[in-house]
1. Residues that are touching a residue at least 60 places away in the same chain (Cβ under 8 Å): which helices (runs of 4 or more DSSP H) entirely in the stretch 447-542 hold 1 or more of them?
2. Within the stretch 548-558, which residues are out of contact with any Lys or Arg (no Cβ under 8 Å at 6 or more places or on another chain) and either part of a helix (DSSP H, G or I) or buried (at least 22 other Cβ atoms within 10 Å of the Cβ) (or both)?
3. Quick check on the stretch 52-64. Is at least one of its residues buried (at least 17 other Cβ atoms within 10 Å of the Cβ) and in contact with a Phe, Trp or Tyr (Cβ under 7 Å, 6 or more places away or on another chain)?
4. Find the residue count for the stretch 559-576, including only residues that are among the basic types (Lys, Arg), modelled with pLDDT of 80 or more and in a helix (DSSP H, G or I).
5. Filter the stretch 547-556 down to the residues that are out of contact with any Phe, Trp or Tyr (no Cβ under 6 Å at 6 or more places or on another chain) and among the aliphatic types (A, V, I, L, M), then identify the one that is farthest from Asp503 (Cα to Cα).
6. Can you tell me which residues in the stretch 359-387 are assigned to a helix (DSSP H, G or I) and near ligand 2 (Cβ under 9 Å from one of its atoms)?
7. Give me a count of the residues in the stretch 273-285 that are crowded, with 17+ Cβ neighbours inside 10 Å and assigned to a helix (DSSP H, G or I).
8. Just wondering, is there one or more residues in the stretch 50-60 that are without any contact (Cβ under 8 Å) to a residue 60 or more places away in the chain, assigned by TED's automatic domain parsing to the domain that holds Val283 and under 45 Å from the mean Cα position of the chain (by Cα)?
Amino acid sequence: MLPQNNIPKDVGRKLLKLVLSRWKLLTVTLILTSIVSYISTIFPYLTREAVNLLYAGKIEDIWFYAVLVVVLTIIQGLASYGKNVFSEYTGQSIVYELRNRIYAHLNELSLGFFDRIESGQIIARATSDVEDIRRFIGFGIPSILNIIVMFVFSIAMMLIIDVELTLVTLSMFPLMVLFVRYSIPKYRAYVAMSRNIYSEMTTAVKEAATGIKVIKSYVLGDYFASNFRSKLLEYFNMDMKTSKLRAIIWPSMGWFVYLTIAIIYWYGGLRAISGDITIGDVVAFTLYILFLNRPIMLIGYNIVRYQRALVATKRIFDILEAEPEVRDLPDAEDIEIKRGNIRFENVWFSYDGKNYVLKGLNLEIKPGEIVALTGPTGSGKSTIAQLIMRLYDPQKGRILIDGVDVKRFKLESLRRQIGMVHQDVFLFPDTIRNNIAFGAPDTSIEDVVRVAKLAHIHDFISSLPKGYDTNVGERGVTLSGGQRQRLSIARALMINPKIIILDDSTSQVDAKTEAAIYDALTKHFRGKTVIVITQRIPTLKLVDRIIVISDGEIVEEGSFSDLIEKGKLFPKLFKAGREEI
Ligand code: ADP
Ligand code: MG
């Protein structure tokens, strides 16, 4: 598919290792394949015997061959069944292993990895790339083994019958192989192009399906349709070209075959007339040539399979070998957060290693303090929150909780003690109850109700016919943005964290409810450290201290009334947010 020079050398070794990991299964497949191939190559020989007997008029002896053919066919059928089952099993066991490994490794990887790679790419690697490897190991390898066995057996049988005719026949093979070698790459290039156009086409359909609201609202239907039509036409043309080429290649292969057969008719015929060989020999050779035609064509096909598998191996190992940047240090410990003091010391952070979002941030949040981070979009508020959780690590500087560097905590222990509600809410396709109790599965319904009340979502849940057992997410009840946000607040409260971080988690809740939620939370969580990221005035009025962030730096801080009077940036933000009150 792709030019092979893109593939580093060690990829072949990785693929080989995958193949060898199934050597037992492949050996069984090889034995069964050999039986199937061996019986196939015997048939022309049996035909030869039968023809010779016929020619000699010994019709009564043919019975033996007739029965033998039936018996061999039955054996071959059984072996072929076994071969197919085993090769399918081999392929599927690879699929099973690879998908498991990919999934497990994705869980290990840090967020930075997911910033760099599109989710579509990950899905493609776990699905179609894995399939390419399955096809190579499950079908390609057995098919290659089959080709080799067929050749060896057929040539051996031909040599037994007649050496001279064998040499004549084999002299045609180099020509066929050359033809395959030159025509297949071109064909493959065509296939690659039409695949590319195909994926552009599917992307266009996906865009239309996901963006249908926008497309309709802006009356862009015609634009998208004509775009799609042109892709469709391109695909149509490319596919026609491919088909035409295919329509030339296959018959040309046939041409070589029949040329060889013609030579055998003529030369073999001459020798048969002179009594050198029998008529049965000529018939057997004709059959062998027809027989070997297929494996030769399959060589090209298997080269394609092999190259696809190489590309797929590279793409899959790109994921499997990606190292999580954020991980437990060897001496990481389970540390209990007792007080909830948070300190940023000269923290520099960049997502891409070039543009720094935080440039030497110093920040101290006292135990039990309720602070609000506010500031323009893109100023770095969410980044600060994610660094506390160690979803990313800063390039320079330290973040301390109760005086301990967050890197000294075991990741699990750190994250378990911090309740974070992210900007974008994710609900699992499960019941409301399970979505709330997600971090603590053995929770009683009373506890679930208690946090739901705090998050001001209990009344809504109770109004649903199935209450807490209502399914949300796919094919479940559709919740509004604000309802989803409140559910995820309840989820964060459920784990009873020492530190709570709410990142714009009420942006879709109306201002009155938001203030009510924070009022409840601030009363309930006195003593816990709470960080609220918000632009909403009623909430800003509730907190102990407001920290205004702009461009990754703290520009001013204080209480609401202080900042309104003396602040520089804050009053401007406040004006911009006036409609929110
Ligand atoms: P805020 O929460 O204040 O709106 P963020 O912390 O989300 O701001 O973003 C700060 C800056 O970092 C922005 O310029 C944003 O584009 C950038 N940024 C945020 N998340 C990522 C990411 N995952 N990868 C790259 N850049 C990011
Ligand atoms: Mg944000």
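The values are calculated or read from the model by the stated rules, or taken from the named source; none is laboratory data. Just so we're clear, the structure is a prediction, and the values are computed from it rather than from any experiment. Positions of Cβ are generated from backbone atoms using ideal geometry, with glycine treated the same way; all protein chains shown enter the neighbour counts.
1. Per the criteria, 481-494, 511-524, 537-542.
2. Val548
3. no
4. 2
5. Val555
6. Lys381, Ser382, Thr383, Ala385
7. The number of residues fulfilling the criteria is 6.
8. No, because not a single residue in the stretch 50-60 is without any contact (Cβ under 8 Å) to a residue 60 or more places away in the chain, assigned by TED's automatic domain parsing to the domain that holds Val283 and under 45 Å from the mean Cα position of the chain (by Cα).
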